[in-house]
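Working notes, structure below.
The values are calculated or read from the model by the stated rules, or taken from the named source; none is laboratory data. Everything numeric here is computed off the predicted structure, so don't read it as measured data. Glycine gets a Cβ as well: all are built from the backbone with ideal geometry, and neighbour counts include every protein chain shown. Heads up: the accessible areas ignore ligands, DNA and RNA and are worked out on the full protein's heavy atoms, side chains in. Shrake-Rupley method; radii C 1.70, N 1.55, O 1.52, S 1.80 Å.
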Amino acid sequence: MNQPFADVILPELRLYKKGKVRDVYELDDKLLIVATDRISAFDFVLPSLIPDKGRVLTQLSRFWFEYTSLVCPNHMIAADVAAFPPALAEYADLLDKRAMLVRKTKVLPVECVVRGYLAGSGWKEYRASGKVCGIKLSDGLRESDQLPEPLFTPSTKAEVGHDENISFKEMEKITGSVLAKKIRKVSLELYNKATLRALSKGIIIADTKFEFGLDGDDLVLIDEIFTPDSSRFWPLTSYEPGRGQPSLDKQFVRDYLETTGWDKTSDPPVLPADIIAKTSQKYLEIYRLLSEKTDL
């Protein structure tokens, strides 16, 4: 276990953006994305850090970017500190395994969610209306049921507050029809390719989300991909429709917070030591299972 980082400060570089989990620095026409060990839930950054989390997010994204590069180009240039610009050499120990040098793109203002199973907010909406993100489903489905086919369900990309689910027609108005259809096709292809890999390792990817940017006219996959922050991972051996599933992702923390009585409007509570340790363990376990690498 490595020393957890809330921030990795690089005073010589311009801070381009500070997200809930990642700090992004500008290097001319490139960006340096540094994944901290912060964790967010219900639109709040929690006061507790999860050891090794940022390293897992970066290295698992690296694995998937390489694995899916023939489906869609991605923004990754380098994820080894030895390949970073010489000006970053003095920060090598801080950046090791948790930073990625990427292409700068024009970020598209939509979250691209693919759902293969009925869970989370999709399950709640289905119980209330028989729909998921406005898409009508057949009657009688149970929580955690596999959907007849994966659904592409876009949402707005909110800088603060909640993302809002939108219809595909609304997405077409934002991105244009041709690009929206390409993004939908690529998102489903990415999900299907990764699902086959994950199943062979005993893991179900219940749902996931992607972000895309444009490099000129080229569609580019950006941010993170198939990580415990962006995806819902279930062990295949314990999968049983009709109930919630044990998870190897951030849902574990959300489930704990639901038991605390926190109102989700005031400052979030500190996580107990055992929840921090178990969360770190789950992130490391899913990384090792999916990448087949024993060490970060």
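Of all the stretches in the chain, which is the longest one without any exposed loop site, taking GluC sites (Glu not before Pro) in a DSSP loop (any state but H, G, I, E, B) with at most 15 other Cβ atoms within 10 Å? Walk me through the numbers before you get to the answer.
On the way: sites that count: E12, E159, E164, E292.
Here the longest segment lacking exposed loop sites spans 13-158.
How big is the chain in terms of Cα radius of gyration and Dmax, in angstroms?
Just the Cα atoms of the chain yield Rg and Dmax of 18.8, 59 Å.
Between the stretch 25-99 and the stretch 243-296, what is the C-alpha centre distance in whole Å?
Centre-to-centre (Cα) distance: 20 Å.
For a Förster distance of 35 Å, can you work out the FRET efficiency between the beta-carbons of D29 and S121, rounded to the nearest 0.05?
On the way: r = 37 Å, r/R0 = 1.07.
Step by step, r from the Cβ atoms, then E = 0.40.
How big is the stretch 201-296 along each principal axis, measuring the range of its Cα positions in Å and listing the largest first?
Per principal axis, max minus min of the Cα coordinates gives 48, 36, 33 Å.
Ignoring ligands, DNA and RNA, what accessible area per residue does the chain give at 1.4 Å, in Å²?
Heavy-atom accessible area per residue stands at 47 Å².
Of all trypsin sites (Lys or Arg not before Pro) in the stretch 267-296, which ones are in loop regions per DSSP and have a Cβ with at most 16 other Cβ atoms within 10 Å?
Answer by residue number: K293.
Carbon and sulfur atoms: what percent of the 1.4 Å accessible area of the chain do they account for?
So the carbon and sulfur contribution to the accessible surface is 52 percent.
Pop the C-beta distance of I77 and E292 into the FRET formula with R0 = 30 Å and round what comes out to the nearest 0.05.
Using R0 = 30 Å, I get an efficiency of 0.80.
Using the structure shown, list the pairs from K193/K293; K20/K106; K104/K193; K20/K282; K30/K97 with a Cα-Cα distance above 23 Å, or answer none.
K104/K193, as the Cα separations exceed 23 Å there.
Quickly estimate the mean residue ellipticity at 222 nm for the chain, helices only: each DSSP H run with n ≥ 4 gives -39500 (n - 2.57), and the total goes over all residues, rounded to 500.
Computed ellipticity for the chain at 222 nm equals -9500 deg cm²/dmol.
When only Cα pairs under 8 Å and 6 or more residues apart are kept, what is the percent relative contact order across the stretch 1-137?
Once normalised by length, the contact order is 20 percent.
Return the loop-located trypsin sites (Lys or Arg not before Pro) in the stretch 108-153 (DSSP other than H, G, I, E, B) with at most 13 other Cβ atoms within 10 Å of their own Cβ; answer none if there are none.
R142
In the stretch 231-274, which trypsin sites (Lys or Arg not before Pro) are in a loop and have at most 10 other Cβ atoms within 10 Å, using DSSP for the loop call?
R243
Can you send over the solvent-accessible area of W64, 1.4 Å probe, protein chains only, in Å² to the nearest 10?
That residue has around 0 Å² of solvent-accessible surface.
D217 to E90: extension gain in nm, 0.36 nm per residue of separation minus the Cα-Cα distance?
On the way: separation 127, 0.36 × 127 = 45.72 nm, distance 3.62 nm.
In short, 42.1 nm is gained.
So for the pair E189, R254, with labels modelled 7 Å out along Cα→Cβ, what separation do we get in nm?
Taking the two extended label points, one gets 2.9 nm.
Run the numbers on the chain and let me know its relative contact order in percent, using alpha-carbon pairs under 8 Å that are six or more apart.
Averaging sequence separation for qualifying contacts and normalising by length gives 20 percent for the chain.
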